[in-house]
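A.B. asks: Below you will find the structure I want to go over with you.
The values are calculated or read from the model by the stated rules, or taken from the named source; none is laboratory data. Owing to the predicted nature of the structure, the values given are computational and were not obtained by experimental measurement. As a convention, Cβ positions derive from the backbone with ideal geometry for all residues, glycine included, and neighbour counts pool all protein chains shown. What goes into the accessible areas is simple: the full protein's heavy atoms, side chains included, and nothing from ligands, DNA or RNA. Shrake-Rupley method; radii C 1.70, N 1.55, O 1.52, S 1.80 Å.
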Amino acid sequence: MKILVTGGAGFIGSHLCEKLIDQGHDVLCVDNYFTGSKDNIVHLLRNPRFEMMRHDITFPLYVEVDRIFNLACPASPIHYQFDPVQTTKTSVHGAINMLGLAKRVKARILQASTSEVYGDPEVHPQTETYWMRDNTIVPRACYDKGKRCAETLLFDYYRQHKLEIKVARIFNTYGPRLLPVDGRGVSNFIVQALCGEDVTIYGEGTQTRSFCYIDDLVEGLMKLMDSGAEITGPVNLGNPVEFTMRELAEMTLKLTGSRSKLVFRPLPQDDPRQRQPDITVARSTLAWAPTVPLGEGLKRTIAYFKSML
Ligand SMILES: NC(=O)c1ccc[n+]([C@@H]2O[C@H](COP(=O)([O-])OP(=O)(O)OC[C@H]3O[C@@H](n4cnc5c(N)ncnc54)[C@H](O)[C@@H]3O)[C@@H](O)[C@H]2O)c1
């Protein structure tokens, strides 16, 4: 198949492009390099099954494809709050453009949504049926409201135009090719530990997160895309094993052998206290569950950052 991956030069997108090529598909990677980089895909450029196009998805795109993975959007708070208007445009105009393309060429489309659509959740773990606690006026709203609107658009195209849609709600994912300084917990801790700097924890570090290794996540996205047309999602994709940020920092110090110290800073506004996916739907409809434990995934990620730094 000819498969379009928007945001294909980013962290998740570049791993997805690789796996799709391994499966024998032709991949068209579209990216404006806002947070992605050529380094992430340089090893694919000579592959005849791979094509790269510099393009901003807030503008229409006319190509012939069978499937679309719509991943383009900055994912870390530093980047999505850098130009919040562009972030909303990427999610909303980007989704409209990709849905228009999917409708024209009758392609199946998968939207990379996020656990952030659950806001600061009152139910724990989060199921897909939870309707979310919402604040429209805070700085992170440009990201999660944009993603929520994109979900709505997908379901409207599904009902109105009978498009084949898939919505994945992705929870914290980590692994090689995360950017070293983008404010995400795993990469921050590893880089600080490897550089011998203080390891910064926001708040007391008791807030919890669940961390999914990139290979597991990519497998989940591919299974969702390949699932029967009746499966639209939303489907939570993430690792349900929960850790506090302090536990993550301590594990990172141990695995890097670093002597860095933990330091505590004030919590940013609206930082969710808990995040843990309920993956019952993914288990039952996709026969998917993560297999890489945090310790193992961290080792692979630390090896990547060591070679990079
Ligand atoms: N990594 C996670 O933990 C996580 C969690 C939840 C959801 N997601 C979602 O998964 C997707 C990929 O995330 P990631 O972690 O790989 O982030 P990333 O920042 O590494 O990748 C995003 C890619 O999109 C590109 N991009 C941004 N705006 C664009 C635009 N207007 N036009 C074309 N390309 C554009 C960037 O250059 C980058 O290559 C995002 O949609 C994100 O919201 C990721």
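A.B. asks: Which FRET efficiency, nearest 0.05, do Arg104 and Val241 yield, Cβ-Cβ r, R0 45 Å?
C.D. replies: The calculated FRET efficiency here is 0.60.
A.B. asks: Then there is this: Loop-only check: which GluC sites (Glu not before Pro) in the stretch 204-305 are DSSP coil with at most 14 other Cβ within 10 angstrom?
C.D. replies: Sparse-neighbourhood loop GluC sites (Glu not before Pro): Glu204, Glu230.
A.B. asks: Hey, rough spin-label estimate for Tyr33 and Glu230, points 7 angstrom out along Cα→Cβ, what's it come to in nanometres?
C.D. replies: 4.6 nm
A.B. asks: So which trypsin sites (Lys or Arg not before Pro) in the stretch 23-87 are both in a DSSP loop and have at most 12 other Cβ atoms within 10 Å of their Cβ?
C.D. replies: Within the stretch 23-87, the qualifying trypsin sites (Lys or Arg not before Pro) (loop, at most 12 other Cβ atoms within 10 Å) are Arg46.
A.B. asks: Would you mind classifying the stretch 37-116 by shape? Square roots of the alpha carbon gyration tensor eigenvalues, ordered a ≥ b ≥ c; an a/c under 1.5 is rounded, otherwise it is prolate if a/b is larger than b/c and oblate if not.
C.D. replies: Oblate is the answer for the stretch 37-116, as a/c is 1.5 or above yet b/c matches or exceeds a/b.
A.B. asks: Something else: What ranking do 23-30, 260-267, 101-108, 135-142 get when scored by the average of other Cβ atoms within 10 Å per residue, highest first?
C.D. replies: 23-30, 101-108, 135-142, 260-267
A.B. asks: Give Lys89/Lys147; Lys19/Lys223; Lys106/Lys162; Lys38/Lys103 a once-over and call out the pairs whose C-alpha atoms are over 18 Å from each other.
C.D. replies: Checking Cα-Cα distances, Lys38/Lys103 exceed 18 Å.
A.B. asks: What lysines sit close enough to Lys254 to cross-link, taking a C-alpha to C-alpha distance under 19 Å and skipping anything fewer than 8 places away on the same chain?
C.D. replies: Straight-line reach from Lys254, under 19 Å: Lys299, Lys306.
A.B. asks: Mind checking the per residue accessible area of the stretch 1-119 for me, 1.4 Å probe, whole number of Å²?
C.D. replies: Normalised by residue count, the accessible surface of the stretch 1-119 is 43 Å².
A.B. asks: Sticking with this structure for a sec: Of the options Met225, Ser210, Ser258, report the single residue whose Cα projects farthest towards the positive end of the charge dipole of the stretch 162-274 (beta-carbon charges: Lys, Arg +1; Asp, Glu -1).
C.D. replies: Ser258
A.B. asks: When the chain is fully extended, how far beyond the present Cα-Cα distance does Thr285 get from Asp120, taking 0.36 nm per residue of separation?
C.D. replies: Extending this stretch completely gives an extra 56.7 nm.
A.B. asks: Could you check the spin-label model distance between Glu204 and Leu267? Points 7 Å from the Cα along Cα→Cβ, value in nm.
C.D. replies: That separation, rounded to one decimal, is 1.0 nm.
A.B. asks: Can you give me the % of accessible surface on the chain that is carbon or sulfur? Probe 1.4 Å, all protein chains present, nothing else counted.
C.D. replies: Reported share for carbon and sulfur atoms: 53 percent.
A.B. asks: Also, quick follow-up: Calculated FRET efficiency, Met308 and Asp66, Cβ-Cβ r, R0 30 Å, to nearest 0.05?
C.D. replies: 0.30
A.B. asks: What number comes out for accessible area per residue over the stretch 179-309 if the probe is 1.4 Å? Units Å², please.
C.D. replies: Ligands and nucleic acids excluded, the figure is 45 Å² per residue.
A.B. asks: At 222 nm, what value in deg cm²/dmol follows for the chain if DSSP H runs of at least 4 each add -39500 (n - 2.57) and the sum is divided by all its residues, to the nearest 500?
C.D. replies: So the calculated ellipticity at 222 nm is -12000 deg cm²/dmol.
A.B. asks: Charges on Cβ only, +1 for Lys and Arg, -1 for Asp and Glu, centred on the Cα centroid of the stretch 83-161; of Gln160, Ala112, Thr136, which one is farthest towards the dipole's positive end?
C.D. replies: Gln160
A.B. asks: Report the charge-dipole magnitude of the chain in Debye, nearest 20, computed about the Cα centre from +1 at each Lys and Arg Cβ and -1 at each Asp and Glu Cβ.
C.D. replies: The calculation lands at about 360 debye.
A.B. asks: Any idea what % of Cα-Cα pairs in the chain are farther than 25 Å?
C.D. replies: More than 25 Å apart: 47 percent of the Cα pairs in the chain.
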